[in-house]
1. Listed here are the pairs LYS28/LYS194; LYS62/LYS114; LYS62/LYS217; LYS72/LYS194; LYS107/LYS194; LYS11/LYS72; which of them are more than 27 Å apart at the Cα?
2. Quick one: length gained pulling LYS54 to GLU202 fully straight, 0.36 nm per residue minus the C-alpha distance?
3. Tell me, TYR212, TYR76, TYR168 in order of fewest to most beta-carbon neighbours within 10 Å?
4. For ASP160 and LEU103, what is the calculated FRET efficiency with R₀ set at 41 Å and r taken between the beta-carbons, to the nearest 0.05?
5. Amide H neighbours of MET42 under 5 Å, counting only residues 5+ apart in sequence or on other chains, H built in-plane at 1.01 Å?
6. When the Karplus curve 6.51 cos²θ - 1.76 cosθ + 1.60 is applied with θ = phi - 60°, which whole-Hz ³J(HN,Hα) does each residue of the range 88-97 get, with x for Gly and Pro?
7. In debye, nearest 20, what is the charge dipole magnitude of the chain about its Cα centre with +1 on Lys and Arg Cβ and -1 on Asp and Glu Cβ, if you could check?
8. In whole Å and largest first, what semi-axes does the C-alpha gyration tensor of the range 1-155 yield when each eigenvalue is scaled by 5 and square-rooted?
Amino acid sequence: MRQRIVAGNWKMNTTLEEGLQLAGDVAKDYIKNRPGDIELIMAPPFTHISELVKATAGSGVKYAAQNCASEKEGAYTGEVSVAMIRTTGATYVIIGHSERRTLFGEKDETLFKKVRLALEESLVPIFCCGELLEEREAGNHFEVVKKQLDNTLFRLDEVDFRKVIIAYEPVWAIGTGKTATPEQAQEMQAAIRKMIAERYDEETANDIPILYGGSCKASNAAEIFAQPDVDGGLIGGASLMADEFMSIARSF
Ligand code: 13P
């Protein structure tokens, strides 16, 4: 059975004090209620990760960085390398979030470099893909996502590809309150699984966790997670409230 995952992408939110409070509340709830068999991941800002890892040690909660540099080290002012991330105690890294693609101009080639570096450093990439509203309205959404994967993850050999997590995040659903319907999420995620089977094989396709992201909250998580090809969620806004986030984690 595929690993079920709920990951919170905090984006550029919380001071360190607020982050400690939030992560502490999440960890406490996770220890007490242990939602069955899920991997719980938080992706706070880089500046908080080490402190939060220490503060929640032993809870079983895992950490992700929200991004990483596309170069290993050197004169890249302001960038954070995969080795730096690993030493914080994070074990995952989000790569290719639509905000990185649209606001910071990150292209597939750069994202592919990041994926390779992350894997070399034994970080698990949580790779985001998803179409814009106009691409969906034009009926191109499957093609767009296929191209995003062809240009990046599908260039990996099977051994490396099997280490990644995919997050389908339709851009029109991110931060808009407009969630994809469970059917829309299922349709795309089944299509992604088929693309994986075509590129690799059925077994690989069946083993890769595919998360949904985009205005997922406690009130709609259960019906989205009930879809056979949805293995969990990448949660933005709703991950900033411990109770809300944990009720999403209990939505399987
Ligand atoms: P929202 O849940 O705020 O729509 O954000 C989703 C997201 O971008 C997670 O990476």
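1. LYS28/LYS194; LYS72/LYS194
2. Here the segment from LYS54 to GLU202 would lengthen by 49.3 nm.
3. Working: TYR212 30, TYR76 12, TYR168 25.
The most exposed by this proxy come first: TYR76, TYR168, TYR212.
4. Efficiency, rounded to the nearest 0.05: 0.90.
5. GLY8, LYS62, TYR63, ALA64
6. Rounded to whole hertz, the list is 6, x, 5, 10, 10, 9, 6, 10, x, 4.
7. 460 debye
8. Semi-axes from the Cα gyration tensor: 28, 20, 15 Å.
A short reminder: the numbers here are calculations on the coordinates, not readings from a lab. What you are looking at is a predicted structure, and each value in this text was computed from that prediction instead of being measured. As a convention, Cβ positions derive from the backbone with ideal geometry for all residues, glycine included, and neighbour counts pool all protein chains shown.
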